[in-house]
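The values are calculated or read from the model by the stated rules, or taken from the named source; none is laboratory data. This structure is a prediction, so every number in the text was calculated from the model and none was measured. Here the Cβ positions follow ideal geometry from the backbone for every residue, glycine too, while neighbour counts run over all protein chains shown.
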Amino acid sequence: MTVAMYGRRLSEVDSVEYGLCFGRLDFDDGVTRYVGRTGLLDPDRSKPPLLVDWRADAARPFYQATAAAPEGVRRRRHIHTSGRTVTDVNDEVLDLSAPRSEWREEVTGEAALLAALTADRTGRMRDIVETIQSEQDAIIRSGLDGVLVVQGGPGTGKTAVALHRAAYLLYEHRDRLAKRGVLLIGPSPTFLRYIGDVLPGLAETDVLLRTIGDLYPGESADRPEVEGAAAIKGDLSMVEVMRRAVADRQRVPDSSVDMDTEYGPLLLTPEEIAEARAAARSTDRPHNRARAVFVTAVLAALAAQVAHRIGEDPLGGENLLGEADVDEVAAELAVEPDVQAVLDWLWPVLTPQQLVAGLFGTDARIASAAPDLTAAQRRDLLRPARSGWSVSEIPLLDEAAELLGEVDGSAANDREERRRAERAAYAQGVLDIAAGSASIDVEDEDDPEILLVTDIMDAAILGERHVDASGATTAERAAADRLWTFGHIVVDEAQELSPMAWRMVMRRSVTRSLTVVGDLAQTGAAHGASSWDEVLGEYVADRYRFRELTVSYRTPASIMSVAAEVLSRIDPRLSVPRAVRDVEDEPWRVLVSESALVRELASSIDRERELIGDGRLGVIVPRGRQLALAGALGLDVAGDLTEPVVISSVDRVKGLEFDAVVVVDGPGIVAESRHGLNDLYVAVTRATRRLGRIDVTG
Ligand SMILES: Nc1ncnc2c1ncn2[C@@H]1O[C@H](COP(=O)(O)OP(=O)(O)OP(=O)(O)O)[C@@H](O)[C@H]1O
């Protein structure tokens, strides 16, 4: 315990070494307070701390105080350091008489903010603890319980806020969260690499970063999929399809089945099998666990036949075999190879992998489980066995695991049972609260009517679940365990998740403590969301808190006007966020013939690289052109983001940013998918400085 505590403190001190202290507040009453990446107590405990952790309540005015509402702060100072040397300070005097434009009032630490925003990109996201803005801070510090939805346009800091919120929650609710950990879901492995340094840099290691594609332990999705198949597999109707797929594996043949045994040939009639199946199904247990009931019933039927044959009293009296003898016969039959083969055929033990791959392996199985699909849709779903998983199949594996239950080990069964009980308790709690609440104000966090986890589950139950002596970190243990439930889940780019993916995520949250961040205008996935109510209604009805981010920190005003034009084509009622700054570089656009495209792109890349110096250039192209263009230009499509030039389709750069971006064949991007305009909107909002577009004539 002590070792763990000091180990943690050591890695914390290591990770905050740079930029340890970055802020100072001078209050009207003469008090001075320093704000930093971690807290440091004065050796004389009667004195105030030497340094206040950015997440502590005492640091709040550093982010929230404004000239209009100064919270007692006279001056806010941003301190810049290099190593252990102070290199610069920027002061803000919170005085209303200082001239400021109307909305600049919302910007805190303007000089420090602009310095952070104009710095060269490195291909890795940085933390923003020094310059968190007040609308962001309010979200970061919002309460732990319930579902918080954060909607905001491109570059408004949703990802940054989501990460800092995870760090804040772990600080503020360490007791509740450290044991159970926090899960953060991002849209792609590239994205997770991009954000991967932020939390360790803030000394937080209890956060598991995952995509939906690798959320199922032991599997990862690497097979691309056609849009039509992804849309079907992501749809909620798959719940019923999967249920039927399991039921189809519980066979009742049309005619009797015979088998050779030590007791001679035996016969099972369809009626006997149907009866055994009904008994097993009536237990309501998952398939693999209900199998024991099926097996017992079949063996009893077979043993009865044997008893009838060998125990019949020639004088017409009672059967000569007693109950114990019949049981013994059943036990002996259970290990007969022929009997086992028949049982495996009638009610096979199934893994989720077998069920899902089996379902999509033959047209007949798909047709039986999904009778509403057309022949063309079924063709889309068909895939060879052992061809790897697609992202949209991962939630189906999870669904299958729920329907099938654990195959082996009573410990796993116990845990499964316990989780079912927890869910039931939660559901009961929801009902009780719903029944007792006349009106629910979702905006008010302190409203006692809002669902609080502590209202519905005893904290002791929540805490007790994940005790482990192996020494692995919470995140490591959680990653390996499908049944793990997290203390809090953050879903970034949440608009991309399909309804089936949401089911998978929600299974990992008994307490419904989630932060959901996204932008509905950036939805790219075939089965992605178009309304938060639609996404969350199923789980929390309308009981979620909704916050919006309105200022874009990434995208300069001139580029934002290009984005605004794209957005108006998506929906004229939508508006882009306000850009916090502008740059001198104007967006450019050229039109070239197909044959001149590679030459033009190559020279644009050279020119842009020269202009951005050490910064990063992103070349965003239609998926269909990716390989050809990368080949012609000598670029690697799977290249790391820290490379000076990255070529990619839109899906891989979702959530990412570059100093300069060249978008190739915008109309091609639009034509490529159902949400093509949204994809183009994402593409044109990735640059912090320069945007170019090369379109192709004809
Ligand atoms: N308060 C801030 N101080 C400094 N930089 C910030 C701040 N807020 C956001 N940024 C920067 O702005 C950029 C965009 O932020 P982020 O990626 O979190 O936006 P987003 O809303 O998730 O964008 P998208 O929807 O396009 O994925 C990042 O480089 C981030 O570090």
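Would it be correct to say that residue 553 is aromatic (Phe, Trp, Tyr) and within 16 Å of the ligand (Cβ to nearest atom)?
yes
Can you give me the number of residues within region 503-527 that are farther than 19 Å from residue 142 by Cβ, touching a residue at least 40 places away in the same chain (Cβ under 8 Å) and away from the ligand (no atom under 16 Å from the Cβ)?
Count: 8.
Would you confirm, using the coordinates I've provided, whether residue 690 is modelled with pLDDT of 95 or more, within 16 Å of the ligand (Cβ to nearest atom) and not in a loop (DSSP other than H, G, I, E, B)?
yes
Taking helices (runs of 4 or more DSSP H) that fall entirely within region 153-229, which contain at least 2 residues that are more than 16 Å from the ligand (Cβ to nearest atom) and touching a residue at least 40 places away in the same chain (Cβ under 8 Å)?
Where helices (runs of 4 or more DSSP H) fall fully within region 153-229 and carry at least 2 residues being more than 16 Å from the ligand (Cβ to nearest atom) and touching a residue at least 40 places away in the same chain (Cβ under 8 Å), they are 158-172, 174-177.
Working only within region 581-602, note down all residues that are touching a helix residue (DSSP H, G or I) at 6+ places or on another chain (Cβ under 7 Å), surrounded by 14 or more Cβ atoms within 10 Å (Cβ to Cβ) and part of a loop (DSSP other than H, G, I, E, B).
Answer for region 581-602, where residues must be touching a helix residue (DSSP H, G or I) at 6+ places or on another chain (Cβ under 7 Å), surrounded by 14 or more Cβ atoms within 10 Å (Cβ to Cβ) and part of a loop (DSSP other than H, G, I, E, B): 581, 583, 587.
Has region 230-247 got any residue that is buried (at least 22 other Cβ atoms within 10 Å of the Cβ), within 16 Å of the ligand (Cβ to nearest atom), of a type in the set (A, V, I, L, M) and not in a loop (DSSP other than H, G, I, E, B)?
no
Scan region 269-282 residue by residue and report those that are closer than 29 Å to residue 400 by Cα and either outside any helix (DSSP H, G or I) or among the aliphatic types (A, V, I, L, M) (or both).
Answer for region 269-282, where residues must be closer than 29 Å to residue 400 by Cα and either outside any helix (DSSP H, G or I) or among the aliphatic types (A, V, I, L, M) (or both): 273, 274, 276, 278, 279, 280, 282.
Could you count how many residues in region 89-110 are more than 16 Å from the ligand (Cβ to nearest atom) and at pLDDT 80 or above?
4
Please determine whether any residue of region 63-84 is at pLDDT 85 or above, surrounded by fewer than 16 Cβ atoms within 10 Å (Cβ to Cβ) and closer than 26 Å to residue 199 by Cα.
Yes, that holds for at least one residue.
Could you tell me whether any residue of region 42-58 is more than 12 Å from the ligand (Cβ to nearest atom), among the hydroxyl-bearing types (Ser, Thr, Tyr) and surrounded by fewer than 15 Cβ atoms within 10 Å (Cβ to Cβ)?
Within region 42-58, one or more residues are more than 12 Å from the ligand (Cβ to nearest atom), among the hydroxyl-bearing types (Ser, Thr, Tyr) and surrounded by fewer than 15 Cβ atoms within 10 Å (Cβ to Cβ).
Residues in region 111-119: is at least one within 16 Å of the ligand (Cβ to nearest atom), small (Gly, Ala, Ser) and within 19 Å of residue 167 (Cα to Cα)?
Taking every residue of region 111-119 in turn, none turns out to be within 16 Å of the ligand (Cβ to nearest atom), small (Gly, Ala, Ser) and within 19 Å of residue 167 (Cα to Cα).
Based on what the data block shows, is residue 533 outside any loop (DSSP other than H, G, I, E, B), farther than 13 Å from residue 154 by Cα and either away from the ligand (no atom under 14 Å from the Cβ) or in contact with a strand residue (DSSP E or B) (Cβ under 9 Å, 6 or more places away or on another chain) (or both)?
Here the answer is yes, as residue 533 does meet what is asked.
Looking at (1) touching a residue at least 24 places away in the same chain (Cβ under 8 Å); (2) more than 16 Å from residue 519 (Cα to Cα), find the lone condition where residue 565 falls short.
Of (1) touching a residue at least 24 places away in the same chain (Cβ under 8 Å); (2) more than 16 Å from residue 519 (Cα to Cα), only one is false for residue 565: (1).
Report the residue count in region 511-566 for those that are of a type in the set (Val, Ile, Thr), over 23 Å from residue 687 (Cβ atoms) and buried (at least 21 other Cβ atoms within 10 Å of the Cβ).
Here the count works out to 4.
With the requirement that a residue be aliphatic (A, V, I, L, M), out of contact with any strand residue (DSSP E or B) (no Cβ under 9 Å at 6 or more places or on another chain) and surrounded by 15 or more Cβ atoms within 10 Å (Cβ to Cβ), what does region 265-282 give you?
If the condition is that a residue be aliphatic (A, V, I, L, M), out of contact with any strand residue (DSSP E or B) (no Cβ under 9 Å at 6 or more places or on another chain) and surrounded by 15 or more Cβ atoms within 10 Å (Cβ to Cβ), then 279, 280 are the ones that fit.
How many residues, within region 283-297, are surrounded by fewer than 16 Cβ atoms within 10 Å (Cβ to Cβ) and either assigned to a helix (DSSP H, G or I) or of a type in the set (A, V, I, L, M) (or both)?
Residues flagged as surrounded by fewer than 16 Cβ atoms within 10 Å (Cβ to Cβ) and either assigned to a helix (DSSP H, G or I) or of a type in the set (A, V, I, L, M) (or both) within region 283-297 amount to 2.
Which condition from (1) farther than 13 Å from residue 491 by Cβ; (2) within 15 Å of the chain's Cα centre (by Cα) is the one that residue 160 breaks?
(2)
Is it true that some residue in region 345-353 is buried (at least 19 other Cβ atoms within 10 Å of the Cβ) and of a type in the set (A, V, I, L, M)?
yes
Hey, can you tell me all the residues within region 196-218 that are surrounded by fewer than 22 Cβ atoms within 10 Å (Cβ to Cβ) and closer than 24 Å to residue 658 by Cβ?
Across region 196-218, the qualifying residues are 196, 197, 200, 201, 211.
Residues of region 556-580 being within 14 Å of the ligand (Cβ to nearest atom) and not in a loop (DSSP other than H, G, I, E, B), which ones?
Correct list: 559, 560, 563, 566, 567, 578, 579.
Answer yes or no as to whether residue 637 is under 23 Å from residue 192 (Cα atoms) and crowded, with 21+ Cβ neighbours inside 10 Å.
Here the answer is no, as residue 637 does not meet what is asked.
Quick check on region 126-138: of everything there that is more than 20 Å from residue 20 (Cα to Cα) and within 11 Å of the ligand (Cβ to nearest atom), which residue is farthest from the chain's Cα centre (by Cα)?
Among those residues, the one meeting the criterion is 134.
Which residue is surrounded by the fewest Cβ atoms within 10 Å (Cβ to Cβ), if the candidates are limited to region 650-687 and must be in contact with a Pro (Cβ under 7 Å, 6 or more places away or on another chain) and modelled with pLDDT under 95?
The residue in question is 672.
Take region 605-628 and flag every residue that is farther than 20 Å from residue 650 by Cβ and part of a helix (DSSP H, G or I).
Of everything in region 605-628, those that are farther than 20 Å from residue 650 by Cβ and part of a helix (DSSP H, G or I) turn out to be 606, 607, 609, 610, 611, 612.
Need pairs with beta-carbon distance below 9 Å; first residue over 22 Å from residue 154 (Cβ atoms) and in a helix (DSSP H, G or I) and within region 635-658, second more than 13 Å from the ligand (Cβ to nearest atom) and among the acidic types (Asp, Glu); sequence gap 6+ or separate chains.
Filtered contacts from region 635-658: no entries.
So residue 679 ticks every box in (1) within 25 Å of residue 119 (Cα to Cα); (2) in contact with a Gly (Cβ under 6 Å, 6 or more places away or on another chain) but one. Which box is left unticked?
All conditions are met except number (1).
Can you name every residue in region 298-350 that is in a loop (DSSP other than H, G, I, E, B), of a type in the set (Asp, Glu) and under 30 Å from residue 245 (Cβ atoms)?
336
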